[in-house]
1. From the list 421, 385, 446, pick out the single residue that is more than 16 Å from residue 322 (Cα to Cα) and assigned to a helix (DSSP H, G or I).
2. Working only within the range 211-223, note down all residues that are free of Cβ contacts under 8 Å to residues at least 60 places away in the same chain and either within 24 Å of residue 381 (Cβ to Cβ) or open to solvent by 20 Å² or more (accessible area, probe 1.4 Å) (or both).
3. I'm checking my understanding of the structure. Among residues of the range 289-320 that are of a type in the set (S, T, N, Q) and open to solvent by less than 10 Å² (accessible area, probe 1.4 Å), which one is nearest to residue 391 (Cα to Cα)?
4. Somewhere in the range 164-185, is a residue assigned to a loop (DSSP other than H, G, I, E, B), at pLDDT 80 or above and within 21 Å of residue 312 (Cβ to Cβ)?
5. Would you mind finding the one in 272, 329, 341 that is at pLDDT 95 or above, open to solvent by 20 Å² or more (accessible area, probe 1.4 Å) and in a helix (DSSP H, G or I)?
6. If I filter the range 1-25 down to residues being open to solvent by less than 40 Å² (accessible area, probe 1.4 Å) and touching a residue at least 60 places away in the same chain (Cβ under 8 Å), which single residue comes out as nearest to the chain's Cα centre (by Cα)?
7. Report whether or not residue 286 is at pLDDT 90 or above, open to solvent by less than 70 Å² (accessible area, probe 1.4 Å), under 25 Å from residue 184 (Cβ atoms) and among the β-branched types (Val, Ile, Thr).
8. Look through the range 455-466, keep the residues that are surrounded by 20 or more Cβ atoms within 10 Å (Cβ to Cβ) and over 22 Å from residue 307 (Cα atoms), and return whichever of them is modelled with the highest pLDDT.
Amino acid sequence: MNIKEAKREITNTLRAYLAKDDLGNYLIPPVRQRPVLLMGPPGVGKTQIMEQVAAETGVGLVSYTITHHTRQSAVGLPFIEKRTYGGETYSVTEYTMSEILASVYQLMEKTGLREGILFLDEINCVSETLAPMMLQFLQCKTFGNQRLPEGWLIAAAGNPPEYNRSVRDFDVVTLDRVKRIDVREDFAVWKEYALQKGLHGAVVSYLDIRRENFYRVEPMAEGIQFATARGWEDLSELLCVYEALGLKADREVVGQYIQLPRIARDFANYLDLYNKYQKIYHVDEILTGTWRPITVRELRAAPFDEKLSVLGLLLSRLRSSARETRRQDALCESLHAALTDFKQALASGEDPLETLDVLARQRRDRLEKLREAGQLDKSRQALAQRELRALEDYRRRLSGAAGSGAAMDAVRGWFGQEVEQRAALARKAGDELDHAFRFLEETFGQGQELVVFVTELTACADTSWFVEVFGCDAYFRHNRELLYDDTRRRIQEDIRAARAAEYQPGNGQEQEEEHV
């Protein structure tokens with residue numbers, strides 16, 4: 001299955017394992033709660049989906065790359081304990097608590113979460129001395145004489161032997177005690193993730209055109225050469241920062257992430273063209289509605305791949321504007337909830353400065369708990385930090401205000417500035433979207449380029465959210481036309497299929513015609 005399907009299956013497994021009856025007992029007894037074993041090629045996102053599942057289900061996450069551990073750190077150190085049996089005293093070997101299990105208990109203490117996921121990466125690459133202990137853990141959920149707490153799902157990940165020469169095969173006894181999920185690479189699923197995460201437009205656009213280069217592992221005489229989903233995402237992060245710093249990523253830089261020279265060279269050439277198209281076709285002018293007629297003529301006459309690249313440039317800018325608006329919208333929503341609490345506290349006679357201190361402290365503590373629990377992705381962290389910074393800024397600026405009424409008016413005014421910024425960002429994004437549609441209509445009419453453009457807007461979570469919240473007449477118009485064309489095409493296909501069925505050998509009509 002692809003990584004999206006695997007994520008859904010792990011989420012469902014976790015929900016099933018944590019389900020309880022009316023007496024508080026797990027519906028699936030812990031002894032029957034098999035560990036999940038994810039097997040798949042490197043760099044497809046096995047680790048990321050664990051973080052996403054934990055964040056979306058609200059459970060804790062403890063992650064370990066098991067190859068970094070020795071037998072002592074994973075299992076614990078042995079020590080001698082005195083025990084009395086039948087009047088005789090014996091020396092008995094006990095074990096200190098495993099570092100891994102101790103991390104689970106530590107997370108429970110810090111966050112208050114009693115349930116979660118223990119994720120062990122590279123499970124089939126453990127050392128020879130640790131391998132028996134890891135197999136025991138998968139089978140019995142114990143390290144030494146210490147047991148994993150109930151309510152914790154064991155999830156492990158490994159690579160098939162064709163990708164890693166140091167892997168170990170699991171025996172039948174172990175495999176019969178795990179829930180195995182085989183994962184494969186899938187560009188369509190990765191693209192959905194890439195758009196949601198805001199990956200660099202050149203990476204998304206290039207892979208849309210060269211999908212065969214998305215994931216490749218090729219054994220060569222000098223060693224394995226590869227391009228993976230992880231490599232593309234990490235390269236994207238670097239490209240975004242390089243652009244912000246005014247730096248250029250050349251072929252050598254690309255090759256540090258995409259370690260298959262042929263693909264690295266091809267993408268580096270594409271990246272040069274991508275940046276060149278931005279200047280040649282004056283993307284800024286298109287989005288501000290000031291394009292020149294020659295731009296229309298040049299793009300209309302360009303090869304299709306070049307047209308797709310320009311579409312990619314426009315879509316990347318539109319996604320960025322929509323994402324910025326969405327983030328500001330989320331900030332306004334969070335601040336509105338905080339200021340509702342602020343207003344209620346003032347009505348109860350609380351001190352304005354102390355109330356803002358309390359609100360900021362609550363959010364700081366919540367941010368830290370999310371970080372400890374492994375539930376903090378980049379976007380969630382950024383939103384929490386922006387909200388906290390705004391509340392701290394209100395507190396600092398409020399020191400000169402007198403009385404609760406004046407304090408409420410001042411804070412309301414500052415919050416109003418955030419709301420106005422949201423409106424300004426929405427106007428900018430809406431104008432850019434309208435201008436892009438007008439330019440493409442003038443350039444391509446109702447051609448397939450518009451179909452690609454509307455489809456990509458729909459596929460991106462940020463642009464589809466923007467259209468849903470703020471609207472876009474051109475989008476709705478073209479979307480209706482696409483739906484009408486799809487419906488008409490399906491009806492025509494049904495008619496052709498029905499006509500073909502009428503003349504299948506052995507049906508009544510054919511027999512009647514033969515009789516005549």
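1. The match here is 385.
2. Matches in the range 211-223: 211, 212, 216, 218, 219, 220, 221, 222, 223.
3. So the residue we want is 309.
4. Among the residues of the range 164-185, not one is assigned to a loop (DSSP other than H, G, I, E, B), at pLDDT 80 or above and within 21 Å of residue 312 (Cβ to Cβ), which makes the answer no.
5. Criteria check complete, one pass: 329.
6. So, considering only residues that are open to solvent by less than 40 Å² (accessible area, probe 1.4 Å) and touching a residue at least 60 places away in the same chain (Cβ under 8 Å), the one nearest to the chain's Cα centre (by Cα) is 3.
7. Values: at pLDDT 90 or above: yes; open to solvent by less than 70 Å² (accessible area, probe 1.4 Å): yes; under 25 Å from residue 184 (Cβ atoms): no; among the β-branched types (Val, Ile, Thr): yes.
No.
8. Within the range 455-466, the first condition is being surrounded by 20 or more Cβ atoms within 10 Å (Cβ to Cβ), and the residues that meet it are 456-457, 460, 462-463, 466.
Filter once more, so that each one left must be over 22 Å from residue 307 (Cα atoms): 462, 466.
Working: 462: 92, 466: 95.
So, considering only residues that are surrounded by 20 or more Cβ atoms within 10 Å (Cβ to Cβ) and over 22 Å from residue 307 (Cα atoms), the one modelled with the highest pLDDT is 466.
The values are calculated or read from the model by the stated rules, or taken from the named source; none is laboratory data. Just so we're clear, the structure is a prediction, and the values are computed from it rather than from any experiment. In this analysis, Cβ positions are derived from the backbone assuming ideal geometry, glycine residues included, and neighbour counts consider all displayed protein chains. Accessible surface is based on the protein model in full, side chains and every heavy atom, while ligands, DNA and RNA are left aside. Shrake-Rupley method; radii C 1.70, N 1.55, O 1.52, S 1.80 Å.
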